[in-house]
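A quick write-up on the structure given underneath.
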Amino acid sequence: MGDRHVSMIINAPPERVFKLYTDPGRAREWLSGVREVRATGPPDQPGSRAVITYRWPFTMTAEVLGAEPPHLHVQRLKELLGLVTCTTTARFRPVEGATELGLEMDYRVAGGPIGRLFDGRVGNEMATTVGEDLARLKALAEEQAGQRRVGPGGGGMRMRTPQPATLQGRAVRLRPVTADDAPRLTEILSHPEVARWWGRYDRDRVQRELVDPNDGTVTFAIQADGQAIGLIQYWEEPDPDYRHAALDLFLHPDWHGRGLGADAIRTLARHLFEDRGHHRLTIDPAAANQRAIRAYRRVGFRPVGVLRRYERGPDGSWHDGLLMDLLPEDLTDPTVEGSSE
Ligand SMILES: CC(C)(COP(=O)(O)OP(=O)(O)OC[C@H]1O[C@@H](n2cnc3c(N)ncnc32)[C@H](O)[C@@H]1OP(=O)(O)O)[C@@H](O)C(=O)NCCC(=O)NCCS
């Protein structure tokens, strides 16, 4: 038993993506290994069924459990021998004319202890295959929408880190960092109030770690008042048994103490819970960083414990960190902000 979550931004409206996703006649164009799909009933009506035959000797039945075109589609897939069943929930979220398609797969492998042994492997393979399938679906939808031409590779056959969407908070907006942000981020990090906690950054380090990180970190510029005022980032633990996301951020000192840090964290936290399917988030400020700790508490983070001599500061000495974590039910409501303290 397990679950996996894959999401992707598709530059086409939700109606188009939903139609393509649910159209049995087009499944062969993007679903790996499919030879034939025979459907009984419309794909957006609960109770409709389809039989999916793969190129290798493998057949699945699909039953639509729920559909709200063009926002939601839930179906249960069952391999013919009943060894694998999977409930797939597809959410189509409009994001500035594009669609964020999030796919949650809740699967079960039968077969007692031996089956359980393969559980993780089935899940990982499924997530990889579905990532590849979604990349093909994306290429088809964008081609239809006139957003791109499909070139010789078919358009993205690899599992990719999901592209971050633009996220709207109460007062801040989070958008993907671009190379143009490098000078501004370097400038913000040069302020002693920020450098004290983040360390020294030159343009190269900003480029390497914040503009173009290659360790899976996803970075957003924090926008307010029409300008970039800081950065917030997350990194996801890849081991499914320890799945969580870790956050960090900084703001320009001119914008400290106005609740914008809390706004940015809350906005990203919501995205990580709702769109990335996380059940736990962590953050680990320096134990002496009272402002940060207070801002995180305000969002709902709880202290877990002190990480002794956790990180080396710019002065070369080791200092304590505070591990804090947040579960979805802890996230405070911004409309009653302050009342939770
Ligand atoms: C940490 C940071 C992101 C917080 O964002 P922010 O917008 O300044 O924080 P908020 O305004 O949302 O909340 C700050 C809270 O700390 C309180 N605070 C402000 N200065 C403080 C201080 N010197 N000591 C203790 N608390 C302080 C504020 O009163 C507020 O609490 P309240 O809402 O209960 O009144 C921001 O200050 C920052 O970028 N700091 C420099 C870099 C940094 O420390 N990054 C975090 C690394 S883990």
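The values are calculated or read from the model by the stated rules, or taken from the named source; none is laboratory data. Since the structure is predicted, the reported quantities are computational estimates derived from the model, not experimental observations. With ideal geometry, Cβ positions are generated from the backbone for all residues, glycine too; neighbour counts draw on all protein chains shown.
In the range 255-267, what count of residues is obtained for those that are within 7 Å of the ligand (Cβ to nearest atom) and under 16 Å from the mean Cα position of the chain (by Cα)?
Within the range 255-267, residues that are within 7 Å of the ligand (Cβ to nearest atom) and under 16 Å from the mean Cα position of the chain (by Cα) number 0.
Return the total of residues in the range 275-300 being within 30 Å of residue 95 (Cα to Cα) and either surrounded by fewer than 15 Cβ atoms within 10 Å (Cβ to Cβ) or away from the ligand (no atom under 11 Å from the Cβ) (or both).
Of the residues in the range 275-300, 9 are within 30 Å of residue 95 (Cα to Cα) and either surrounded by fewer than 15 Cβ atoms within 10 Å (Cβ to Cβ) or away from the ligand (no atom under 11 Å from the Cβ) (or both).
Note down all Cβ pairs under 7 Å where the first residue falls in the range 283-307 and is polar (S, T, N, Q), the second is not in a strand (DSSP E or B), and they're at least six residues apart or on different chains.
Short answer, once both residue conditions are applied: 289/197.
For the range 45-114, which strands (runs of 3 or more DSSP E) that fit wholly inside it have 2 or more residues that are out of contact with any Leu (no Cβ under 8 Å at 6 or more places or on another chain) and touching a residue at least 60 places away in the same chain (Cβ under 8 Å)?
Result: 84-95, 98-109.
Hey, any hits in the range 311-330 for a residue that's near the ligand (Cβ under 9 Å from one of its atoms), at pLDDT 95 or above and either within 22 Å of the chain's Cα centre (by Cα) or farther than 22 Å from residue 217 by Cβ (or both)?
Among the residues of the range 311-330, not one is near the ligand (Cβ under 9 Å from one of its atoms), at pLDDT 95 or above and either within 22 Å of the chain's Cα centre (by Cα) or farther than 22 Å from residue 217 by Cβ (or both), which makes the answer no.
Specify the residue that is farthest from the ligand (Cβ to nearest atom); the eligible residues are those in the range 229-254 that are assigned to a strand (DSSP E or B) and without any contact (Cβ under 8 Å) to a residue 24 or more places away in the chain.
Among residues in the range 229-254 that are assigned to a strand (DSSP E or B) and without any contact (Cβ under 8 Å) to a residue 24 or more places away in the chain, the one farthest from the ligand (Cβ to nearest atom) is 235.
Picking from 51, 37, which residue would you name as being over 29 Å from residue 271 (Cβ atoms) and surrounded by 19 or more Cβ atoms within 10 Å (Cβ to Cβ)?
Answer to the selection: 37.
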